[in-house]
Amino acid sequence: MRAVVTRLDARWVQAASRDLCTRLEQLLAQHGQKRPINHVLAMSAFFPGEVDLSFFIARELGARRVYLPRVIGERNMRFVRIEENWLSQVQSGAFGIPEPPLEGGAVFDEAVAEETAVIVPGLSFDRHGNRLGRGKGYYNAFLQPPMTNALLIGVGWDLQMVPEVPSDSDRAAMDYLCTETQLIKTNLSEDEN
């Protein structure tokens, strides 16, 4: 899957990312009618073929508090709040991935997990909400209680949706999957727990 995603045309990725971002906005608007979403934990694109959430982030900054991840140790990351000029402030962090600076930005407080949406990248997803990441385990470590109470949204392309992803009890299942053409309420969605 890594090889397939890497070969995606950059122009297609940009257009598809916009479509995906529009779906994400719609989901948060609809979900906000059930329970408020005041915080969004997003991610900045780095790997070739990865979803670019810049459009979504720019629009959400006016409506909610938005945070990006910052690695602070092995399998340990914190989300730091960003502001309007976030693109000019990110810096190369662990593995070369753009990260917000720790100084000046508020660190996300897990006590507000229930009013938070977490946008989760992955290499593959299945309709049960299982996710295969890139193998470092940062999201698996972060998505533990109380973060399992957040709205978990996996983002990827249609071609990354597969029949089955191996799962175990250490991995939180996504509530929704968002692609360039569809929004999937998973079989393990919070409404059915």
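Throughout, read-outs are computed from the coordinates displayed, never taken from laboratory work. Since the model is a prediction, treat every value here as computed from it, not as a measurement. Using ideal geometry, Cβ is built from the backbone for each residue, glycine included, and neighbour counts are taken over all protein chains shown.
Springs between alpha-carbon atoms under 10 Å, Gaussian network over the chain: tell me which of TRP12, TRP157, TRP86 tops the mean-square fluctuations.
Between TRP12, TRP157, TRP86, it is TRP12 that shows the largest mean-square fluctuation.
Return, ordered by residue number, the residues of the range 17-56 whose backbone nitrogen is under 17 Å from a label point located 7 Å along Cα→Cβ of VAL162.
Zone members listed by number: 50.
Tell me which GluC sites (Glu not before Pro) from the range 115-193 have a DSSP coil assignment and no more than 12 other beta carbons within 10 Å of their own. Mind showing how you got there, number by number?
Details: sites: GLU115, GLU164, GLU180, GLU190, GLU192; in loops: GLU164, GLU180.
Passing both the DSSP loop test and the Cβ count: GLU164.
Can you give the net charge of the other residues whose Cβ lies under 13 Å from the Cβ of GLY62, counting K and R as +1 and D and E as -1?
Taking every other residue near GLY62 into account, the sum is -1.
In terms of the Cα gyration tensor, with a ≥ b ≥ c the square roots of its eigenvalues, is the range 104-156 rounded because a/c is under 1.5, prolate because a/b exceeds b/c, or oblate?
Prolate.
Under the definition of Cα pairs under 8 Å and six or more residues apart, what whole-number percent is the relative contact order of the chain? Walk me through the numbers on the way to the answer.
Working: 375 pairs, mean separation 38.9, N = 193.
Normalised by residue count, the contact order of the chain is 20 percent.
So if we plug the beta-carbon distance of LYS136 and GLU25 into 1/(1 + (r/R0)^6) with R0 = 22 Å, what FRET efficiency do we get, rounded to 0.05?
0.15
Specify the inter-centroid distance of the range 120-160 and the range 1-20, based on alpha-carbon positions, in whole Å.
Computed from Cα coordinates, the inter-centre distance equals 18 Å.
What is the set of long-range amide H partners of ILE72 at a cut-off below 5 Å, with H atoms built 1.01 Å from backbone N?
Under 5 Å from the amide H of ILE72 lie the amide H atoms of MET77, ARG78, each far enough along the sequence or on another chain.
For the range 2-192, give the magnitude of the charge dipole about the Cα centre (Cβ charges: +1 Lys/Arg, -1 Asp/Glu; no others), in debye to the nearest 20.
Dipole size: approximately 280 debye.
Of LEU132, VAL118, GLY32, whose Cα points farthest to the positive end of the dipole of the range 1-148 (charges on the beta-carbon: +1 Lys, Arg; -1 Asp, Glu; origin at the Cα centre)?
LEU132
Stretch ASP9-PHE46 to full length: gain in nm at 0.36 nm per residue minus the Cα-Cα span?
That works out to 11.8 nm of additional length.
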